[in-house]
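What follows is a short report on a single structure.
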Amino acid sequence: MVDLTGFIVGIFVLLTAAVLVGELFSRLGQAALVGQLLVGIVLGPTFLGSYFGLTGVNDELAGIQFLATFFILVMAGLEISPEQLASTGAMSGLLGVAVFVGPFLIGAFIVPIVVHGLSFTATLFISLTLSITALPVMGVMLREFGLTKTRLGVMLMSTSVINELAAVTTFAVLLRLNSSGFGWSEILIAVLSVGVFLGAVLSAHMTLRVTRETRIGRSIRKRLTGMWKSRNSGFAILMVLALGSALFSQFLGLTFLVGAFYAGLLITPASAGPREHRSISQTFEVMTWGFFIPLFFAFVGLGMNLRTLATPQALLTFGVLSVFALSSKFIIGTGVARILNWSRSDSYSIGFFVSSRGAVELAMALILLDLGIFSVEIFTLVAAVGLVTTIISPIGAGYFGGFKTGSSESPLNLSPSPNLRGSPAILADVADPGDD
């Protein structure tokens with residue numbers, strides 16, 4: 001029997017504290033997720049969990065946690081479209097791939113040295129979660145520094161898009177291999193499964209786009225618009241597509257994370273229409289940013305237990321992984337930026353910007369915790385490293401770039417770059433919603 005009163009009290013306490021502390025951290029120049037994570041840590045098993053009955057995400061809260069994870073992944077997918085990817089310059093693509101592949105491969109060698117007793121797949125998953133650049137957090141930081149319409153801002157957002165797509169796709173392959181093994185035939189089947197899924201999603205997107213641009217398509221859409229009386233039908237259609245995509249990815253042996261993330265590619269300005277896309281996105285973002293995101297990061301904090309890091313060996317492991325997570329992104333990001341002829345200070349800023357973490361890798365970590373691939377100790381370690389790097393990232397970027405939070409102008413070079421063909425439109429849906 002579900003304790004309804006206890007369930008409501010738990011949600012009320014978590015949401016209220018997460019919203020208030022998240023706002024406080026935003027005003028201090030940090031991402032709100034830092035404060036929301038700390039709320040979960042304080043109210044969880046590390047400190048006050050025994051007093052509030054919040055010693056972890058119980059069965060009653062698990063359903064809300066799943067919905068929060070699902071909504072965040074769909075929202076991340078809505079920020080990306082095939083058209084935006086096609087307009088991303090080769091240099092942005094190079095930076096995005098470099099700051100993912102480099103830390104991922106290096107981490108595969110370093111992680112088992114500092115974290116003992118790991119399976120091969122757990123090693124790869126830890127390395128993967130430490131290699132992602134947070135797209136929503138990047139958008140918020142650029143907005144706070146007044147960089148959204150600058151050459152630097154467009155480059156960094158394009159980089160984050162490529163990085164996140166590569167990470168989610170790699171996660172899908174690894175999760176498929178975790179259940180089937182790492183033989184050559186299993187690797188081929190895993191890659192083909194991902195290829196089939198992506199091919200189906202892109203085919204559906206192109207069908208919707210082409211149909212919309214034809215006379216018959218416009219006629220059908222006009223007739224359906226006149227006949228359909230339900231309110232917010234666009235949002236309902238998005239949810240149906242997202243759930244269907246998640247089920248399809250599960251059927252192929254991939255996680256629902258992949259289906260939810262790539263479902264956003266089905267609803268783009270080109271396939272649904274600019275006005276319809278903006279309406280659907282705004283409705284979705286209000287629910288996600290206002291309710292699910294604060295709860296999600298609070299749940300992540302609840303899943304952590306910092307007491308597991310209270311030994312000299314654990315603290316040393318945490319320190320080494322934190323240094324690796326920050327330095328690998330910083331060195332590779334700075335190095336590639338210098339190769340692309342950015343100035344020294346701008347290159348340092350890029351190195352710090354790409355070191356930020358956020359929602360997608362924590363969603364991956366939660367899934368791995370639920371599957372038993374991550375223990376509570378490993379989950380705590382990964383989330384704590386992400387927390388530290390997300391705190392340091394805007395501080396380092398602001399220091400080396402010479403700009404301040406809330407600045408309306410950037411001291412960086414705003415002239416067009418021949419190496420960048422991306423459009424500031426990439427930033428439109430990311431920088432506006434709120435403060436992840």
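The values are calculated or read from the model by the stated rules, or taken from the named source; none is laboratory data. Keep in mind the model is a prediction, meaning the values are calculated, not measured. Counting neighbours? That spans all protein chains shown, and the Cβs are built from the backbone with ideal geometry, glycine included.
Here are the numbers for this structure:
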{"quantity": "The range 252-276: number of residues that are part of a helix (DSSP H, G or I), more than 20 Å from V360 (Cα to Cα) and touching a residue at least 24 places away in the same chain (Cβ under 8 Å)", "calculated": "5"}
{"quantity": "The lone exception for V161 - which of (1) of a type outside the set (K, R); (2) within 11 Å of the chain's Cα centre (by Cα); (3) outside any helix (DSSP H, G or I) it fails", "calculated": "(3)"}
{"quantity": "Test: T150 is of a type in the set (V, I, T), surrounded by 15 or more Cβ atoms within 10 Å (Cβ to Cβ), over 30 Å from L241 (Cβ atoms) and modelled with pLDDT under 80", "calculated": "yes"}
{"quantity": "Checklist (1) among the aromatic types (F, W, Y); (2) more than 19 Å from the chain's Cα centre (by Cα); (3) under 30 Å from P45 (Cβ atoms) applied to W289, failing item", "calculated": "(2)"}
{"quantity": "Given (1) under 16 Å from A31 (Cβ atoms); (2) part of a helix (DSSP H, G or I), number of the condition L175 does not satisfy", "calculated": "(1)"}
{"quantity": "Some residue of the range 318-338 being over 18 Å from T69 (Cβ atoms), at pLDDT below 85 and in a helix (DSSP H, G or I)", "calculated": "no"}
{"quantity": "The range 356-377 residues that are on the phi < 0 side of the Ramachandran plot and free of Cβ contacts under 8 Å to residues at least 40 places away in the same chain, paired with ones that are assigned to a loop (DSSP other than H, G, I, E, B) and among the hydroxyl-bearing types (S, T, Y) (beta carbon under 7 Å, 6 or more apart)", "calculated": "none"}
{"quantity": "V191 being closer than 21 Å to A359 by Cβ and either in a helix (DSSP H, G or I) or not acidic (D, E) (or both)", "calculated": "no"}
{"quantity": "Of all residues in the range 366-410 being modelled with pLDDT of 80 or more and polar (S, T, N, Q), the one that is farthest from L156 (Cα to Cα)", "calculated": "S375"}
{"quantity": "Exclusive hit being touching a helix residue (DSSP H, G or I) at 6+ places or on another chain (Cβ under 7 Å) and at pLDDT below 80, set L48, L118, L128", "calculated": "L48"}
{"quantity": "Residue check, Q250 surrounded by fewer than 20 Cβ atoms within 10 Å (Cβ to Cβ) and over 19 Å from the mean Cα position of the chain (by Cα)", "calculated": "yes"}
